[in-house]
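Colleague: One structure, pasted below without further comment.
The values are calculated or read from the model by the stated rules, or taken from the named source; none is laboratory data. Not measured: the values here are computed from a predicted model. Here Cβ is always computed from backbone atoms with ideal geometry, including for glycine, and neighbour counts include all displayed protein chains.
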Amino acid sequence: MSSHEQFAENLSLHALGALHGEERVALEKHLEQCADCRRELEQSRGDLALLALSVSGPKPPVRSRRRLMSAIAKEPRRVEVSPRRSKFWWNSLGWVAAAAAVVIIFLLARQNTNLRQRVVGLEASSAEQQQELTQANELVAALNSAEAEHFTLVASKTPPQPQGKAIYVRRTGTLVFLASNLPQLPSQKAYELWLIPASGAPIPAGLFKPDSRGSGTVIRPPLPSGVQANTFAITVEPEAGSAAPTSQPIMVGTQG
């Protein structure tokens, strides 16, 4: 009996990971010197991989099973395979198929979760960018509108003289205010801009603090639409703001 024939049965068991002890040691030594047996082992492992991946139905693929069983049948047997070992062989094959199915399902589920998270992130980013674009377009339209009223606020102090510029669209209540050369404020104080209508009480139009160069801005504060502005003014108020002016205006401007 040739060495190849002697190890034929053990090759199939080794491909399944079911060969142990001295038989496995002897086979692995033989494989180091026998190219034919190494090829036979790789072919058996390839057939088992196809069987493991084919878990959609109750039976393994007919072609792969037939090929594997035919290869085993062609090899002479030194000892007949006992029913116990044959049962163990097929049970091992079932465990391989089940394990492969679990791995594939896990990988697909994880990939699906990652894709869903990316889609949600892209949708949120797209919505945020669309909102910012809409606001920018509305602001540009307000600044360029023929309805825009321009108010210049000045102070009576010596240069550098604080100045403010308010652009107001009465129909939409859109306001953009820019200030320069403003003095720094005490702690817990802020400048508050007021819209003083033709009739009625002053309307708070935004809080701001100047930067290190004395510049400050108020962009689109929440104002009611349709209010006719007679004057804009600035007062120094508590940091949280006031419902009505609590000090004399330091800057006042009328339209023009």
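Colleague: Would you point out which residue out of V169, V119 is under 36 Å from the mean Cα position of the chain (by Cα) and either of a type outside the set (S, T, Y) or at pLDDT below 80 (or both)? Step through it out loud before you land on a result.
Modeller: Details: V169 fails: under 36 Å from the mean Cα position of the chain (by Cα).
Being under 36 Å from the mean Cα position of the chain (by Cα) and either of a type outside the set (S, T, Y) or at pLDDT below 80 (or both) holds for just one of V169, V119, which is V119.
Colleague: Please go through segment 240-250 and pick out each residue that is surrounded by 12 or more Cβ atoms within 10 Å (Cβ to Cβ) and either more than 19 Å from A201 (Cβ to Cβ) or without any contact (Cβ under 8 Å) to a residue 12 or more places away in the chain (or both).
Modeller: Once the filter is applied, which keeps residues that are surrounded by 12 or more Cβ atoms within 10 Å (Cβ to Cβ) and either more than 19 Å from A201 (Cβ to Cβ) or without any contact (Cβ under 8 Å) to a residue 12 or more places away in the chain (or both), segment 240-250 yields only I250.
Colleague: Tell me, which strands (runs of 3 or more DSSP E) lie completely within segment 139-188 with 1 or more residues that are touching a residue at least 12 places away in the same chain (Cβ under 8 Å) and among the basic types (K, R)? It would help to see each step written out before you state the result.
Modeller: Numbers: elements: 149-154, 163-169, 174-180.
Because the criterion is at least 1 residues that are touching a residue at least 12 places away in the same chain (Cβ under 8 Å) and among the basic types (K, R), the strands (runs of 3 or more DSSP E) in segment 139-188 that meet it are 163-169.
Colleague: Out of curiosity, is Y191 surrounded by 17 or more Cβ atoms within 10 Å (Cβ to Cβ), under 18 Å from I250 (Cβ atoms) and of a type outside the set (K, R)? Don't jump to the end; show me each part of the working.
Modeller: On the way: surrounded by 17 or more Cβ atoms within 10 Å (Cβ to Cβ): yes; under 18 Å from I250 (Cβ atoms): yes; of a type outside the set (K, R): yes.
It is true that Y191 is surrounded by 17 or more Cβ atoms within 10 Å (Cβ to Cβ), under 18 Å from I250 (Cβ atoms) and of a type outside the set (K, R).
Colleague: Of all residues in segment 224-238, which are modelled with pLDDT under 95 and surrounded by fewer than 20 Cβ atoms within 10 Å (Cβ to Cβ)?
Modeller: Result: P224, S225, G226, V227, Q228, N230, T231.
Colleague: Here's something else I'd like to know. Can you spot a residue in segment 47-56 that is at pLDDT below 70, of a type outside the set (A, V, I, L, M) and not in a helix (DSSP H, G or I)?
Modeller: Within segment 47-56 (the criterion being at pLDDT below 70, of a type outside the set (A, V, I, L, M) and not in a helix (DSSP H, G or I)), the answer is yes, since at least one residue qualifies.
Colleague: For segment 199-221: of the residues being in a loop (DSSP other than H, G, I, E, B), in contact (Cβ under 8 Å) with a residue 40 or more places away in the chain and not aliphatic (A, V, I, L, M), which is surrounded by the most Cβ atoms within 10 Å (Cβ to Cβ)?
Modeller: From segment 199-221, those in a loop (DSSP other than H, G, I, E, B) are 199-202, 209-215, 220-221; that's our starting set.
Next, only the ones that are in contact (Cβ under 8 Å) with a residue 40 or more places away in the chain stay: 201-202, 214, 220-221.
Those left that are additionally not aliphatic (A, V, I, L, M): 202, 214, 220-221.
Values: P202: 20, G214: 15, R220: 16, P221: 18.
The qualifying residue surrounded by the most Cβ atoms within 10 Å (Cβ to Cβ) is P202.
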